[in-house]
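First comes the structure, then the notes that go with it.
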Amino acid sequence: MARVYNFSAGPAALPLEVLETIRNDLPDWRGTGMSVMEISHRSKEFVEVAARAEATLRELLAVPGDYAVLFPQGGATMQMAMAPLNLSTRADTVDYVVTGSWGKKAANEAKKFCTVNVAADAADRNFTYIPDESGWERSPNAAYLHYTPNETIAGVEFHFVPDGDVPLVADMSSTILSRPIDVSRFGVIYAGAQKNIGPAGITLVIVRRDLLDRVRPDNPHLMTWKAYAESDSMTNTPPTFAWYVADLVFQWLKEQGGVTAIAEINRRKAEKLYAAIDASDFFSNPVAVDARSWMNIPFVLGDAALDAVFLEESRAAGLTNLKGHRSVGGMRASIYNAVPETAVDALIAFMAEFERRHG
Ligand SMILES: *Cc1c(COP(=O)(O)O)cnc(C)c1O
């Protein structure tokens with residue numbers, strides 16, 4: 001079958017150009033007579049890829065030299081444990097701002113390792129807004145403040161970076177590389193790969209180097225950021241295939257003009273989809289306008305009984321993975337970097353046609 005427009009929340013669409021490069025590379029990678037999956041991570045060829053991935057990522061996000069870039073396994077979820085283990089003692093208090101399911105999960109994980117103060121919690125309005133920063137109840141001596149710049153499930157995004165002197169720890173899994181960021185405002189940024197970076201199996205962590213020494217002395221080696229920083233993330237056998245694909249995605253993004261250029265496209269994609277939803281009498285999005293995500297756009301139909309029809313007909317029209325998360329219901333269009341503007345145009349046209357026939 002032909003390639004579809006894939007609105008999956010994750011693992012998500014990859015650029016077609018990257019898939020074609022992989023197909024081409026697979027049996028005989030760089031003249032080695034082997035695939036990238038069959039070669040040592042310590043080989044000259046692979047070490048070059050790993051180094052280029054880091055260098056390109058640094059260039060894309062203008063990562064300052066006093067930050068380490070790490071590529072562990074375990075996904076964003078493992079970082080929810082690694083953050084408290086690497087940054088706090090058992091006696092410390094840490095602040096969490098909870099604006100969705102992932103932030104809540106991160107706070108609950110940290111509770112096993114230190115005292116968690118939930119400084120703000122948007123559960124009271126079903127995770128459809130960002131609580132005003134002036135009302136956050138922050139603790140006086142927090143070891144760090146953790147938040148989730150983009151909540152993938154409810155489609156709620158911070159369009160500002162919180163203030164404060166304590167290190168900011170940000171789970172950027174579903175927004176990283178969608179726009180420029182000022183890395184120097186953060187202590188730690190982490191992201192699972194399977195939204196805007198590459199295949200599942202590799203994780204990105206950007207950590208200010210002076211924080212690496214806060215790690216607990218009895219921390220497991222593979223959960224220690226410093227161990228990754230000191231070994232170029234070759235602490236043990238890394239996920240070589242996922243790393244290789246991430247490198248290709250970084251190259252692809254650079255060819256698109258980097259994060260500034262993709263941000264313009266992402267803004268346009270999101271604005272036109274929200275405009276179509278807001279103009280419709282049939283579709284709606286419940287998120288506060290100033291907190292709407294560029295990457296994940298949930299919407300509900302005027303009649304939930306039509307959900308199954310919408311999914312079936314959209315699928316037939318080549319638009320896939322639009323089913324909303326079970327906790328929110330309705331639909332969700334995830335429109336990450338690799339989802340082209342033509343996909344959003346096709347979705348908008350399909351929605352208008354659906355409303356005309358069923359609305
Ligand atoms: C997808 C996602 C996660 C989970 O990532 P894993 O790599 O599966 O652990 C965590 N946080 C956010 C914001 C996500 O979007």
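Scanning the range 127-161 for residues that are within 10 Å of the ligand (Cβ to nearest atom) and in contact (Cβ under 8 Å) with a residue 60 or more places away in the chain turns up Asn150, Glu151, Thr152, Ile153. For the criterion of being surrounded by 13 or more Cβ atoms within 10 Å (Cβ to Cβ), outside any loop (DSSP other than H, G, I, E, B) and either among the charged types (D, E, K, R) or touching a Cys at 6+ places or on another chain (Cβ under 6 Å) (or both), Arg356 fails. Screening the candidates Asn150, Asn117 for the property of being modelled with pLDDT of 95 or more, over 25 Å from Ile335 (Cβ atoms) and of a type outside the set (Gly, Ala, Ser) yields one hit, Asn117.
State yes or no: is Gly164 within 12 Å of the ligand (Cβ to nearest atom) and not aliphatic (A, V, I, L, M)? Give the steps one after another, and end with the answer.
Numbers: within 12 Å of the ligand (Cβ to nearest atom): no; not aliphatic (A, V, I, L, M): yes.
No: the conditions fail for Gly164.
Restricted to the range 167-212, and to residues there that are among the basic types (Lys, Arg) and part of a loop (DSSP other than H, G, I, E, B), the residue that is nearest to the ligand (Cβ to nearest atom) is Lys195.
A quick yes/no check of all residues on (1) open to solvent by 10 Å² or more (accessible area, probe 1.4 Å); (2) more than 30 Å from Ile202 (Cα to Cα); (3) aliphatic (A, V, I, L, M); (4) in contact (Cβ under 8 Å) with a residue 12 or more places away in the chain:
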position: Lys254; (1), (2), (3), (4): yes, no, no, yes
position: Phe310; (1), (2), (3), (4): no, yes, no, yes
position: Ser314; (1), (2), (3), (4): no, yes, no, yes
position: Asn321; (1), (2), (3), (4): yes, no, no, yes
position: Ala338; (1), (2), (3), (4): yes, no, yes, yes
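Kindly indicate whether Thr77 is away from the ligand (no atom under 16 Å from the Cβ) and among the polar types (S, T, N, Q). No; evaluated as a whole, the condition is false for this residue. Would you check if Val161 is closer than 16 Å to Asp290 by Cβ, among the aliphatic types (A, V, I, L, M) and open to solvent by 30 Å² or more (accessible area, probe 1.4 Å)? Spelling it out, Val161 is indeed closer than 16 Å to Asp290 by Cβ, among the aliphatic types (A, V, I, L, M) and open to solvent by 30 Å² or more (accessible area, probe 1.4 Å).
Kindly indicate which of Leu222, Leu273, Leu212, Leu248 is within 21 Å of Met80 (Cα to Cα) and buried (at least 18 other Cβ atoms within 10 Å of the Cβ). Just one listed residue meets the conditions, Leu212. Looking at this structure, is Ala246 in contact with a helix residue (DSSP H, G or I) (Cβ under 7 Å, 6 or more places away or on another chain) and outside any loop (DSSP other than H, G, I, E, B)? In short, yes.
From the list Leu14, Leu60, the one residue that fits, being more than 16 Å from the ligand (Cβ to nearest atom) and either within 25 Å of the chain's Cα centre (by Cα) or modelled with pLDDT under 95 (or both), is Leu60.
Looking only at residues of the range 259-270 that are out of contact with any helix residue (DSSP H, G or I) (no Cβ under 9 Å at 6 or more places or on another chain) and open to solvent by 60 Å² or more (accessible area, probe 1.4 Å), we find that the one that is farthest from Leu60 (Cα to Cα) is Arg267. With respect to (1) at pLDDT 95 or above; (2) more than 18 Å from Val63 (Cα to Cα); (3) assigned to a loop (DSSP other than H, G, I, E, B); (4) not basic (Lys, Arg), the lone exception for Gly164 is condition (1).
Which of the residues that make up the range 147-161 are part of a strand (DSSP E or B) and touching an Asp or Glu at 6+ places or on another chain (Cβ under 7 Å)? Residue satisfying the conditions is Asn150 alone.
The values are calculated or read from the model by the stated rules, or taken from the named source; none is laboratory data. Remember, it's a predicted structure, so these values are computed and weren't measured experimentally. Positions of Cβ are generated from backbone atoms using ideal geometry, with glycine treated the same way; all protein chains shown enter the neighbour counts. What goes into the accessible areas is simple: the full protein's heavy atoms, side chains included, and nothing from ligands, DNA or RNA. Shrake-Rupley method; radii C 1.70, N 1.55, O 1.52, S 1.80 Å.
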